[in-house]
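The values are calculated or read from the model by the stated rules, or taken from the named source; none is laboratory data. Keep in mind that this is a model prediction, so the values were computed, not measured. As a convention, Cβ positions derive from the backbone with ideal geometry for all residues, glycine included, and neighbour counts pool all protein chains shown.
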């Protein structure tokens, strides 16, 4: 089995909704790194010189490669990433090797076989 790592930067208040959307399409787990900060194309609003920005989370989803595109598209749709430039971004990268995921592989075997 080959895997992809989907990395998504999302607003804190959309995290659970996006994780649920990923699970609907076959993701078996996720890691959340909270309180991330970033700067986009547009500058954030300020109040008395302090940045006003939503708390962001970084979601890491190790997913089977045959499911990855559908998961990526679903989290983009649910997270409304294309609505404007500040809703979030997600991308996937190839994973050369992974360990400690035997239980995920067992859960995915049937799902991937049906898809193929």
For segment 75-84, which positions are surrounded by 11 or more Cβ atoms within 10 Å (Cβ to Cβ) and in a loop (DSSP other than H, G, I, E, B)? 80, 81
Does at least one position in segment 95-102 carry a residue that is free of Cβ contacts under 8 Å to residues at least 60 places away in the same chain, within 15 Å of residue 23 (Cα to Cα) and either touching a strand residue (DSSP E or B) at 6+ places or on another chain (Cβ under 7 Å) or not in a strand (DSSP E or B) (or both)? no
Restricting attention to segment 33-69, which residues are touching a strand residue (DSSP E or B) at 6+ places or on another chain (Cβ under 7 Å), at pLDDT 75 or above and in a strand (DSSP E or B)? 33, 34, 36, 56, 57, 58, 59, 60, 61, 62, 63, 64
